[in-house]
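Asks: Quick one: structure below, then a few questions.
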Amino acid sequence: MILHKAAVCLGTILLGSFALSAQTPSTDEVRCRDLARATLDGVSITSTTLNPAGPYNTPLFPGAPAPTFELPANCVVLGTADRHAGADGKAYGIGFELRLPLPWNERFLFQGGGGTDGVIRPALGLTGLASLPALAQGYAVVSTDAGHQGFTDLSFGHDQQARIDYAYRAVDRVTVIAKRLITEFYGKPPAKSYFVGCSNGGRQGMIAAQRFPSYFDGVVAGDPGFRLSYAAVAEAWDTQALIRIAPKDSGGNPILAQALTNDDLSLVAKAILDDCDEKDGLKDGIVDNPDGCHFNPVALECKQEQASQCLTSAKVGALKQVFDGAVNSRGDRVYSGWPWDPGIASPAWRFWKLGSSNSAVSNAMNVTLGFAALKGYFLLPYEPTFDPMKFDFDKDPERVRETAAFNDAVATEMDTFVGRGAKLLIYQGMADPVFSASDVIAYYRRLATENGGIEATRKWARLFLVPGMCHCGGGPALDQFDPLTAIVDWVEKGNAPDSMPAKGSSFPGRSRPLCAYPEQTRYKGTGSIDDAANFGCR
Ligand code: CA
């Protein structure tokens, strides 16, 4: 009987405590929920949810394998700033997702976007192929759609405010909002703030450093679309050159993907390696000394009666036209040329410049995204029916100048950013088919020239060139590195990154340092060529 009473009593206690936890939210749940009541001018918080700690197993995009990392408990805040009806009557607003982890490492990270944005990507803080997501490391992370909805939907170009938000204002607004919500949630502002992005996210990072110099302590700009306007013009240049030599379907329509075959591109890559690989002192499939590389595809032109292992003169001509870069009929440069790199044979290179569609409907990103962006956003006066295949390199480059003026991140005067001790780390794939490494190098050299020379500039801005790497990854490259750890160590410990350790799936078992420009990776002459310890920067 006593035993029975005790069991009933125990049951009541258990039931009581179960009921208590079901009905009374935890302190963290209350703090998270209460963020919905935060008053921020022009901001509506649409939801606040406390996620429990656990594995993150949602594919990052359709068809991608589920990632395998553990996240701490985190409060997810979804909101929209500055809702407005656009000039086209459509509804616009700057959407964002902020994730606030428990525990917090007192750092804030802005995760840059990509392409023409238009989606709010999960604010996990994915910053590099070898970086643990920042959220998993305890960073508060924010992401944004940059002011409009619809990835590759360029109709936001109809609205002046939406164009401005995409160009730079979303970075401003979302940073301020995120810092306010962080302060509200944790009771103090972030101790350090970082921006990390690649592609358009890299451009946003440079925008942050150049136009909002007090916002971030460290900025990582990967393969930055810092001259997105003229890169879009270059996409028209490349496509026009390649379409001209493309085989046609039965209806007489050119098939862009077949302009150069995979065998053609492999032949070029092999010839580049034959010419350039050993110029860094080591034949290892990586061109670490591009300055010593003077490859010319003319060397591959078919001699009389030669039918294989060579290129037709039309293909040689198109390749030269693409790699020499866009010019007008007077020879004035419209966009940079491109370095020759063996990454040209990578699917990640084809993905942009040629695509894989064996029909006249191209799926090359230069066409699907590039043409849409050129006619829908960059070109003014606004002309959404413009045909980029008819882009006139004498007359039309003028038409991107207005957008370039507010969209492109080309400033070099950054004394407030520098004066605060903030740091800028740029990395760039040498085989990037979207934003030319030559263009990024030219910017960095100009930055150095206008800031007291390269040694003075290296104190706060460093460039890491990644041989073989295509756009933000891919290619025969050591593309797995951790720029977030590098920038944090630089900002917080004063450890300027002379190099970053890197690996890559194209070279299993290999590790190497990626060196800060103008230094290049060099083999010390003894020991395994797959061990980073046997390499230095020179
Ligand atoms: Ca080499």
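Asks: All but one of (1) buried (at least 20 other Cβ atoms within 10 Å of the Cβ); (2) at negative phi hold for Gly474; state the number of the condition that does not hold.
Replies: For Gly474, the failing item is (2).
Asks: Before we move on, is Trp340 within 16 Å of the ligand (Cβ to nearest atom) and touching a residue at least 40 places away in the same chain (Cβ under 8 Å)?
Replies: Against the criterion (within 16 Å of the ligand (Cβ to nearest atom) and touching a residue at least 40 places away in the same chain (Cβ under 8 Å)), Trp340 qualifies.
Asks: Out of everything in the range 163-214 that is among the small types (Gly, Ala, Ser) and over 19 Å from the mean Cα position of the chain (by Cα), what residue ends up being farthest from Trp490 (Cα to Cα)?
Replies: Looking at residues that are among the small types (Gly, Ala, Ser) and over 19 Å from the mean Cα position of the chain (by Cα), I get Gly187.
Asks: Being surrounded by 10 or more Cβ atoms within 10 Å (Cβ to Cβ) and under 14 Å from Pro133 (Cβ atoms) is the filter here; which residues of the range 60-75 pass it?
Replies: Leu60, Ala66, Pro67, Phe69, Glu70, Leu71, Pro72, Asn74, listed by residue number.
Asks: A further question on this structure: Based on this model, can you work out whether Asn328 counts as more than 28 Å from the chain's Cα centre (by Cα), surrounded by fewer than 16 Cβ atoms within 10 Å (Cβ to Cβ) and closer than 28 Å to Ser199 by Cα? Full working, then the answer.
Replies: Numbers: more than 28 Å from the chain's Cα centre (by Cα): yes; surrounded by fewer than 16 Cβ atoms within 10 Å (Cβ to Cβ): yes; closer than 28 Å to Ser199 by Cα: yes.
Criteria met by Asn328.
Asks: Take the conditions closer than 25 Å to Leu424 by Cβ, aliphatic (A, V, I, L, M) and assigned to a loop (DSSP other than H, G, I, E, B) and apply them to Ala496. Does it pass?
Replies: yes
Asks: If a residue counts only when it is within 19 Å of Ile164 (Cβ to Cβ), which strands (runs of 3 or more DSSP E) contained entirely in the range 90-150 have at least 2 such residues?
Replies: Output list reads 91-102.
Asks: Could you go through the range 461-474 and let me know if any residue there is out of contact with any Ser or Thr (no Cβ under 9 Å at 6 or more places or on another chain) and not aliphatic (A, V, I, L, M).
Replies: For the range 461-474, residues out of contact with any Ser or Thr (no Cβ under 9 Å at 6 or more places or on another chain) and not aliphatic (A, V, I, L, M): present.
Asks: Can you tell me which condition Pro297 does not meet? The list is (1) within 16 Å of the ligand (Cβ to nearest atom); (2) modelled with pLDDT of 95 or more; (3) touching a Lys or Arg at 6+ places or on another chain (Cβ under 7 Å); (4) closer than 21 Å to Gly337 by Cα, and all the others hold.
Replies: (1)
Asks: If you don't mind, there's one more thing I want to ask. All but one of (1) in contact with an Asp or Glu (Cβ under 9 Å, 6 or more places away or on another chain); (2) within 25 Å of Gly54 (Cα to Cα); (3) of a type in the set (A, V, I, L, M, F, W, C) hold for Phe226; state the number of the condition that does not hold.
Replies: Every listed condition holds for Phe226 apart from (2).
Asks: Look through Ala360, Ala307, Ala318, Ala364 and report the one residue that is buried (at least 18 other Cβ atoms within 10 Å of the Cβ), more than 16 Å from the ligand (Cβ to nearest atom) and over 30 Å from Ser505 (Cα atoms). Full working, then the answer.
Replies: Numbers: Ala360 fails: buried (at least 18 other Cβ atoms within 10 Å of the Cβ); Ala307 fails: buried (at least 18 other Cβ atoms within 10 Å of the Cβ); Ala364 fails: over 30 Å from Ser505 (Cα atoms).
Testing whether each residue is buried (at least 18 other Cβ atoms within 10 Å of the Cβ), more than 16 Å from the ligand (Cβ to nearest atom) and over 30 Å from Ser505 (Cα atoms) leaves just Ala318.
Asks: Another question about this same structure. Within the range 241-250, identify whether any single residue is more than 16 Å from the ligand (Cβ to nearest atom) and surrounded by 23 or more Cβ atoms within 10 Å (Cβ to Cβ), and answer yes or no.
Replies: Yes - at least one qualifying residue is present in the range 241-250.
Asks: With the structure loaded, tell me whether Val268 is surrounded by 16 or more Cβ atoms within 10 Å (Cβ to Cβ), among the β-branched types (Val, Ile, Thr) and more than 16 Å from the ligand (Cβ to nearest atom) or whether it fails that test.
Replies: Spelling it out, Val268 is indeed surrounded by 16 or more Cβ atoms within 10 Å (Cβ to Cβ), among the β-branched types (Val, Ile, Thr) and more than 16 Å from the ligand (Cβ to nearest atom).
Asks: With a cut-off of at least 1 residues that are among the hydroxyl-bearing types (Ser, Thr, Tyr) and closer than 22 Å to Thr239 by Cα, name the helices (runs of 4 or more DSSP H) lying wholly within the range 415-480.
Replies: Where helices (runs of 4 or more DSSP H) fall fully within the range 415-480 and carry at least 1 residues being among the hydroxyl-bearing types (Ser, Thr, Tyr) and closer than 22 Å to Thr239 by Cα, they are 437-449.
Asks: Now, a different point. Out of all the residues in the range 502-521, which are touching a helix residue (DSSP H, G or I) at 6+ places or on another chain (Cβ under 7 Å) and surrounded by 18 or more Cβ atoms within 10 Å (Cβ to Cβ)?
Replies: Across the range 502-521, the qualifying residues are Ser511, Arg512, Pro513, Tyr517, Gln520.
Asks: Considering only the range 299-331, state which residues are in a loop (DSSP other than H, G, I, E, B), small (Gly, Ala, Ser) and under 24 Å from Ser438 (Cβ atoms).
Replies: Answer for the range 299-331, where residues must be in a loop (DSSP other than H, G, I, E, B), small (Gly, Ala, Ser) and under 24 Å from Ser438 (Cβ atoms): Gly325, Ala326, Ser329, Gly331.
Asks: Could you list, in sequence order, the residues of the range 390-418 that are touching a residue at least 60 places away in the same chain (Cβ under 8 Å), among the small types (Gly, Ala, Ser) and closer than 13 Å to Arg211 by Cβ?
Replies: Answer for the range 390-418, where residues must be touching a residue at least 60 places away in the same chain (Cβ under 8 Å), among the small types (Gly, Ala, Ser) and closer than 13 Å to Arg211 by Cβ: Ala409, Ala411.
Asks: Right, another one. State the number of residues belonging to the range 134-171 that are closer than 24 Å to Tyr186 by Cα and crowded, with 24+ Cβ neighbours inside 10 Å.
Replies: 10
Asks: Then there is this: Step by step: first the residues of the range 278-294, then only those that are surrounded by 20 or more Cβ atoms within 10 Å (Cβ to Cβ) and within 7 Å of the ligand (Cβ to nearest atom), then the one that is farthest from Gly475 (Cα to Cα). Which residue is that? I'd like the intermediate steps shown before the answer.
Replies: Going residue by residue through the range 278-294, those that are surrounded by 20 or more Cβ atoms within 10 Å (Cβ to Cβ) are 280, 286-288, 290.
From what is left, the residues that are within 7 Å of the ligand (Cβ to nearest atom) are 280, 286-288.
Numbers: Asp280: 19, Ile286: 11, Val287: 13, Asp288: 15 Å.
Only one residue tops the list, namely Asp280.
Asks: Output the residues belonging to the range 402-413 that are over 22 Å from Asn366 (Cβ atoms), touching a Leu at 6+ places or on another chain (Cβ under 8 Å) and not in a helix (DSSP H, G or I).
Replies: Correct list: Thr412 only.
The values are calculated or read from the model by the stated rules, or taken from the named source; none is laboratory data. A quick note: this is a predicted structure, and the numbers were derived from the prediction, not measured. Backbone-built Cβ (ideal geometry, glycine too); neighbour counts: all protein chains shown.
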